[in-house]
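To start, the structure itself, in structure tokens.
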Amino acid sequence: MILLNPGPVNVSDRVRDALTRPDLCHREPEFSALQDSVRQKLLAVYALPSDQYASVMLTGSGTAAVEAMVISFIPSSGKLLVLSNGVYGERIAAMAKVHGIPFVEVKHEWGQELDRHKIEEVLKRDGTITHIAVIHHETTTGRLNDLRMVGKLARDYVKVLLVDGVSSFAGEELNFEAWNIGAVAATANKCLHGIPGISFVVAHRELLAQNNVPARSVYLNLRAYYREQERGSTPFTQTVQVLYALDEALKEFQEQGGWTARHKRYRELAEQVRKGAQQLGIRMYLEEGLLSSTLTAFRLPHGMSYQTLHDHVKRAGFVIYAGQGEAGKVMFRIANMGEIDKGDLDRLFAAMQAIV
Ligand SMILES: *Cc1c(COP(=O)(O)O)cnc(C)c1O
């Protein structure tokens with residue numbers, strides 16, 4: 001089955017085979033070496049210097065890393081500005097809410113470009129804001145948010161920038177220095193082509209070493225993971241086999257030319273998807289502005305339900321993805337991450353042609 005959903009993605013045989021390596025206890029030096037090596041490789045994705053940045057891994061899906069990031073860096077006296085224009089931005093606001101973290105949300109329509117003026121107004125008006133959270137690629141609609149712009153605001157107003165990069169890390173440009181990024185949360189099983197089960201946060205060491213932030217969770221306390229992982233340990237059981245696979249996926253990623261090569265490949269595949277749909281008269285959901293390289297949202301053809309389209313292409317060996325919430329009635333999505341190629345997409349559109 002070819003997976004055109006935004007994670008988990010199809011993986012290569014070498015990554016899948018890594019799952020069958022020997023059993024290993026997470027308290028043994030072999031595990032420690034594996035963990036060190038993966039943490040280092042995660043920094044290498046964007047060539048980050050290890051004296052300034054560190055990666056911290058946890059067992060859980062992407063949401064675990066996002067939630068850990070949101071609750072681990074903001075002191076009791078702090079306040080979070082959440083920028084939302086889709087499901088995942090709104091989810092960050094929900095996280096702040098359940099953890100009792102003071103926050104304000106600049107809420108946009110799903111898919112709308114972030115409104116710099118509105119954001120700046122809030123930053124001007126509310127001097128108590130200390131952190132800004134934003135989604136890089138808002139997978140809800142395929143909108144790529146302008147991190148350069150948000151990063152500049154964070155720099156001008158001296159705020160810490162927290163980024164949900166779950167569906168962009170390793171597939172899109174992420175310029176930590178120039179864009180003033182404090183931390184990015186991501187996962188093994190989207191642009192890195194690993195197996196689901198491990199998520200991670202890449203953060204500035206200053207954030208990870210803070211001691212004025214209350215622990216808001218026992219399991220999702222990133223600073224506790226940081227302390228342990230820095231000395232080769234881990235607070236809780238890691239998903240060892242998934243870590244083997246992530247290590248292999250990261251090797252494969254570097255051998256294939258790193259994020260720029262992957263980005264180029266995704267761009268080509270996304271273009272093929274967009275052209276292929278256009279030829280069938282299917283309209284894109286977002287027509288203007290920055291679009292991601294990893295996923296495209298489309299309007300369902302007139303009179304066709306998502307279920308009909310989904311079931312038809314599934315019989316041909318493809319999984320596409322529904323829109324979320326109300327958008328499910330009018331939208332479907334095609335992601336192009338993972339071990340897929342041009343020929344797969346040709347076959348997808350041949351199958352679609354028969355029904356559209
Ligand atoms: C996929 C995704 C998540 C959540 O990931 P899970 O692995 O399902 O927990 C969070 N944010 C974005 C932007 C995503 O695309």
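Data overview
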item	result
Cβ-defined net charge surrounding residue 260, 12 Å radius [Lys, Arg +1; Asp, Glu -1]	+2
Cβ-Cβ FRET estimate between residue 99 and residue 47, R0 fixed at 41 Å, reported to 0.05	0.80
Volume per residue that the Cα convex hull of region 75-200 spans, once the total is divided by residue count, Å³	103 Å³
Cβ charges +1 (Lys, Arg) and -1 (Asp, Glu), total dipole of the chain, debye	460 debye
Simple label model, 7 Å out from Cα along Cβ direction - residue 354 to residue 32, nm	5.7 nm
Relative counts (whole %) of C-alpha pair distances in the chain, using bins that are 20 Å wide	31, 57, 12, 0
Under 9 Å, Cβ to Cβ, from residue 130 - net charge with Lys/Arg +1 and Asp/Glu -1	+2
Hull volume in cubic angstrom per residue (convex hull over the Cα atoms of region 223-356)	177 Å³
Sequence ranges 156-165, 173-182, 282-291, 296-305, ranked by mean other-Cβ count within 10 angstrom, highest first	156-165, 173-182, 296-305, 282-291
Diffusion constant of region 147-197 at 4 °C, which comes from Stokes-Einstein with the Kirkwood Cα-pair radius and 1.567 mPa s, µm²/s	112 µm²/s
Calculated FRET efficiency for the pair residue 304/residue 205, C-beta based, R₀ 41 Å, to 0.05	0.20
Selected from 31, 236, 169 as most flexible by GNM, with the chain as the system and alpha-carbon contacts under 10 Å	236
The chain: DSSP helices with Cα axial extent of at least 20 Å and average Kyte-Doolittle hydropathy no lower than -0.5	29-44, 240-255
Amide H contacts of residue 60 (H built 1.01 Å from N, under 5 Å, at least 5 apart or other chain)	197, 198, 199
Residue (of 330, 291, 236) at the positive-pole extreme of region 200-356, dipole from beta-carbon charges	330
Only Lys, Arg (+1) and Asp, Glu (-1) charged, at Cβ; region 206-356 dipole about Cα centre in debye	360 debye
Pairwise label distance in nanometres, residue 25 with residue 118, each label 7 Å out on the Cα-Cβ vector	5.5 nm
Net +/- balance of residues flanking residue 336 in space, Cβ distance below 12 Å, scoring K and R +1, D and E -1	+2
Cα-Cα P(r), region 1-118, percent of pairs per 5 Å interval	2, 8, 12, 14, 17, 16, 14, 9, 6, 2, 0
Which listed pairs, of 190/264; 107/190; 97/190; 118/159; 159/264, have C-alpha distances above 20 Å, in listed order	107/190; 97/190; 159/264
Residue 291 long-range amide H proximity, modeled H, under 5 Å	144
For the chain, share of DSSP beta bridges that run antiparallel, in % to the nearest 5	55 percent
Point-charge dipole on Cβ atoms (K/R +1, D/E -1) for region 169-234, about Cα centre, debye to 20	320 debye
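Read-outs throughout are calculated quantities, based only on the coordinates presented, and are distinct from any laboratory measurement. On a predicted model such as this, the values are computed, not experimentally measured, just so you know. With ideal geometry, Cβ positions are generated from the backbone for all residues, glycine too; neighbour counts draw on all protein chains shown.
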